[in-house]
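Structure record follows, encoded as C-alpha cells.
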Amino acid sequence: MRRRRSLSSVRSAIFWFFCVCAGAQAALAQGPQTTPSIWAPDSTPAHEIYGLSLFVLLITGTIFAVVAGLLTYVIIRYRARGTDAEHEPAQVYGSTQVELAWTVIPVLIVVVLFLTTARMIFAIQDAPEPKSALNVTVVGHQFWWEFRYPQLGIVTANELHVPVSSSALPEPTYLRLLSADVDHSFWVPQLAGKTDLIPNHPNQLWFDPQHTGLYVGQCAQFCGVEHALMLLRVYVDTPDQFAAWVKNQQQPGVQDEKVAAGRHVFETQACMNCHTVTGTVAKGTFGPDLTHLMSRATIASGAATNTPDNLRAWIRDPNQFKPGALMPAMQLSDEQINELVAYLSTLH
Ligand code: HEC
Ligand SMILES: [Cu+2]
C-alpha cells in the first residue's frame, strides 16, 4: 500500500515533466497555430504572460518536487518493517522553528508571485498607446462579435483584421471592449490575456502580432447557451493586404440587378430589422453587419464555414448549427431561401 503511494508521486512527477517539455517544444513553433495555444505567444502581452507563467510553474514545480521527494523518501525509508507496527513510534509535538519556517517561507513565496504578477499587469495596461496604433471597438453580443473601426468607418463581425506589427514598423491594435448584453471575454491566447467585455464598463486590451496569418480564440466567459460557439478569428495581414481589406470594407454593399429577387426578400422580410447592408434600407444592428459577408470565411461566429449550402441551412433554421442562437427560423420557402443565398453571395 505505502509502496504504491510513493509510485504515484513518481508518476505524477514524470507527468509534469512531460507537460513542461511539451510546452517548451510548442513554444519553439513560430507564428499562428490552428488551435488556441498558450504555449506559442506571438505578441508582447502574450510573451509577458508566458514568461510569468513559466516563472510560476518553475516555483510551484520546485515546491512540488521538494514535497513529493521528501514524501517519497519518508514513505520508503520509514515504512513498516517486521514487528514495527506493534509499537507506536515516539510522538513529537510543537517546534516553533519548524512552524515559523513553514509559515514564513510560503508567505514570502506568495508575496513574490503577487508582486511579479501585479507588476506585469500594470506594465501591460499602462503601455502608452503610440500614434500609429489601430483602434477597434469590440462589442460582445450573444453569441457573436461586432468589430467597429472608428478611424476607418468600418463595421464587421466575428473576423477581425489587423496589420502585422514589426519592431521596424510598430502598429499595435488597441481594442475597446464593450458588451451589448451580458459579460463576455475576449481571448486569443497567442496575442494577449483574456479580458472581459462588461456592460457599462469599457475595458481595454492591446496586442502587436509579430507574424501574419490567422490567430484563433474564443469567448472565455459563460455568456449563455451558445457560449462555446462564440469563436474568434484574428487575421494578421501584411500592410498591403490590410490596406486592400480596408478599401473593400469601406465600399457600400454591391447592388447586382441579377439578384434583385433575393434583395427584395431580404428587404421585405424581418432580415432588414436585424442586419445592415450599407447602401440599402437594411439598417438593423441586432445581428452581424452583412455588407461584406462574403469577405468572411465563417458564419455565425465560427460555427460553420461560409458556403452557399451552409448559408441555406442557416437561414432555414439557425438552430441546426447553433441551438439557442438569437436569429429566428423564418419559415421561408425553398425558392425564397435560394434567392436570398444568391443575393448574399454577391456581398463581397
Ligand atoms: C431577430 C433578428 C434577426 C432576424 C430577423 C434575422 N437575423 Fe440573421 N442573425 C441574427 C443574429 C443575432 C445573428 C448572429 C447569430 C450568432 O452567430 O449567434 C445572425 C446571423 C446571420 C448570418 C450569419 C452572419 C455572420 O457573419 O455570421 C446571416 C447570413 C444571416 N443572419 C442572414 C439572415 C437573413 C437572410 C435573414 C432573413 C431571412 C435574417 N438573418 C434574419 C439576427 C437576425
Ligand atoms: Cu460570449
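Coordinate-derived values only; no laboratory data. Bear in mind that the values here come from a model prediction, so they are computed numbers and not experimental data. Don't worry about glycine lacking a Cβ; one is built from the backbone with ideal geometry, like all the others, and counts go over all protein chains shown.
Brief remarks on what is shown
- Estimated FRET transfer efficiency when R0 is 56 angstrom, pair Thr137-Ala90 (beta carbons, to 0.05): 0.20
- Segment 69-149: chymotrypsin sites (Phe, Trp or Tyr not before Pro) in DSSP loop, at most 14 other beta carbons within 10 Å: Tyr78, Tyr93
- Note on Trp102 and Ala228: with the Förster distance fixed at 56 Å, the Cβ-Cβ geometry gives a FRET efficiency of about 0.85.
- Within the chain, the longest run free of trypsin sites (Lys or Arg not before Pro) that sit in a DSSP loop with at most 10 other Cβ atoms within 10 Å is 132-348.
- Point-to-point label distance, Ser166-Arg316, nm (Cα→Cβ direction, 7 Å offset): 4.9
- If you take all other residues with their beta carbon under 13 Å from the beta carbon of Gly217, and give Lys and Arg +1 and Asp and Glu -1, the sum is 0.
- FRET efficiency estimate (nearest 0.05) - Cβ-Cβ, Phe114 to Leu70, R0 22 angstrom: 0.25
- Simple spin-label estimate for Ile121 and Asp181 in nanometres, 7 Å along Cα-Cβ: 2.9
- Sequence-separation-based contact order of segment 257-344, relative, with Cα cut under 8 Å and 6+ spacing, percent: 31
- Contact order normalised by residue count of the chain, Cα under 8 Å, 6+ apart, percent: 16
- Rounded if a/c under 1.5, otherwise prolate or oblate - segment 257-344, Cα gyration tensor axes: rounded
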